[in-house]
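Read the structure below first, then the notes.
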Amino acid sequence: MALKECTKKEQANSYELVVNVDGETFEKAVNAVYKKQVKNINIQGFRKGKAPRRVIEKMYGTEVFYEDAMQDCYPEALYEASNEAELKIVKVESLEAVEAGKEGFTFKAQIIVEPTMEINNYLGIEVEKKSTEVTDELVNEEIDKVRERNSRTITVEDRAAENGDTVVIDFEGFTDGEAFEGGKAENYNLKLGSGNFIPGFEEQIVGHSTGEEFSINVKFPEEYQADELKGKDAEFKIVLHEIKATELPEVTDEFVQDVSEKETIDEWKEELKEKVAKRLADEAEKDADDQISNKLMELLEGEIPEAMYENQANEMVREFEMRLRSQGLDMNTYMQYMGMDASNLTEMYRDEAEKRVKLRLALETIVRKENIEAEEADLEAEYTRMADTYKMEVEQVKNAIPADTLALDVKVQKALDLVKANIVEK
């Protein structure tokens, strides 16, 4: 196989390759197609599947197996030709056979390739570090979360409803004096202050007591989902049956012993401080990483083919499908349940796919500019890490992931480490 011509087209990142497949390679492919198809061919005078190739070619033409043989040859031939041209294919737009015969065949390929990008000023990126100070307020928030998880609900009869209470109500809504569809419910549990109802509804229940019957007046938002109610004034008749409040437990040594392995409040607070400190450190690191990624994407220069975003989004959909399968679900059932189709699902990943592509290109460009290499020791360390992570033998990982693929990942990680090592904290 050989690359005969490589022509850059006017469209960015678009090339035409003219590729020749030699006669020996083509003959092997033609013979392989014959062996695969002969079992389905009936020729008079021969048992089904036993007709010689020369007889079939004489009856149907010398080129009878050419099309399928060319289809079998395209992937490897195109791969070798693009490597020879030092191009990384993103999308094959078309393949066209030019000529074919015993001497081999020639074809044209219209391809979109990965672009050559540029990036500057990636060392010395300014990063605003989030605070990692563990305050009493943050610790108290953790304590309150535990109290809420261990709370109980009690019925309140000696006071009016307050924000944070859950009320049990009947309601019916009217516009222009007429009840409207979907505006009625009985024994409905509503947490006041949740914002689940239209503005003004929950606020007007606050202050009313158990057993009261009253009306409230609200205005539906202009962007309300039901067209017939958008912007309309409405009256709701309310019957308040019950007020339920959340009762939080007191923080005592006994409570601490029930919810943790600590004996005293002070010991528990120290444990919570460590938990908060780790969370803040993780959040600060994630935030810094996001700032670095966003800046690298901003600094990246060049035209990125749309096909790269499409490929990445499709890959993310495949990863999602694998996660569904691991949970015993299938993609079609999931999409039916969610009211989605394949295009909706791909579009859902579009923004994240664009970010991944841009960040990867930025880091690969830094690898090129900094001449970053992956040493043998780097590869062995990464193979070992992956084997430990996935509970596999190192050799299994090596068989699954080619060294050149892993080497690029290692170099990209080194580029990111280089950028991180040179950030300027504000």
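Below is a table of values for the structure above.
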| item | result |
| --- | --- |
| Matching residues, the range 32-47, being modelled with pLDDT of 85 or more and either under 44 Å from the mean Cα position of the chain (by Cα) or on the phi > 0 side of the Ramachandran plot (or both) | Ala32, Val33, Tyr34, Lys35, Lys36, Gln37 |
| Unique match (being surrounded by 12 or more Cβ atoms within 10 Å (Cβ to Cβ), in a helix (DSSP H, G or I) and touching a helix residue (DSSP H, G or I) at 6+ places or on another chain (Cβ under 9 Å)) among Val38, Val55 | Val38 |
| Flag if Gly124 is more than 30 Å from Glu425 (Cα to Cα) and either assigned to a loop (DSSP other than H, G, I, E, B) or within 33 Å of the chain's Cα centre (by Cα) (or both) | no |
| Selection from the range 1-19 of residues that are part of a strand (DSSP E or B) and open to solvent by 50 Å² or more (accessible area, probe 1.4 Å) | Lys4, Glu5, Cys6, Thr7, Lys8 |
| Verdict on Ala313 being in a loop (DSSP other than H, G, I, E, B), at pLDDT 90 or above and surrounded by 15 or more Cβ atoms within 10 Å (Cβ to Cβ) | no |
| Residue among Glu270, Glu261, Glu283 that alone is assigned to a loop (DSSP other than H, G, I, E, B) and either of a type outside the set (S, T, N, Q) or open to solvent by less than 50 Å² (accessible area, probe 1.4 Å) (or both) | Glu261 |
| Scope the range 92-102; condition within 16 Å of Thr7 (Cα to Cα) and among the charged types (D, E, K, R); matching residues | Glu93, Glu96 |
| Some residue of the range 146-156 being over 30 Å from Asp253 (Cβ atoms) and basic (Lys, Arg) | no |
| Some residue of the range 382-399 being among the hydrophobic types (A, V, I, L, M, F, W, C) and out of contact with any helix residue (DSSP H, G or I) (no Cβ under 8 Å at 6 or more places or on another chain) | no |
| Evaluation of Met392 against (1) assigned to a loop (DSSP other than H, G, I, E, B); (2) loosely packed, with under 11 Cβ neighbours inside 10 Å; (3) among the aliphatic types (A, V, I, L, M) (one fails), failing number | (2) |
| Out of Glu235, Glu202, Glu250, Glu186, sole residue that is assigned to a loop (DSSP other than H, G, I, E, B), over 30 Å from Glu270 (Cα atoms) and either open to solvent by 20 Å² or more (accessible area, probe 1.4 Å) or not hydrophobic (A, V, I, L, M, F, W, C) (or both) | Glu202 |
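The values are calculated or read from the model by the stated rules, or taken from the named source; none is laboratory data. Please read these numbers as outputs of a predicted model, since none were measured by experiment. Heads up, the Cβs are rebuilt from the backbone with ideal geometry, glycines too, and the neighbour counts pull from every protein chain shown. Heads up: the accessible areas ignore ligands, DNA and RNA and are worked out on the full protein's heavy atoms, side chains in. Shrake-Rupley method; radii C 1.70, N 1.55, O 1.52, S 1.80 Å.
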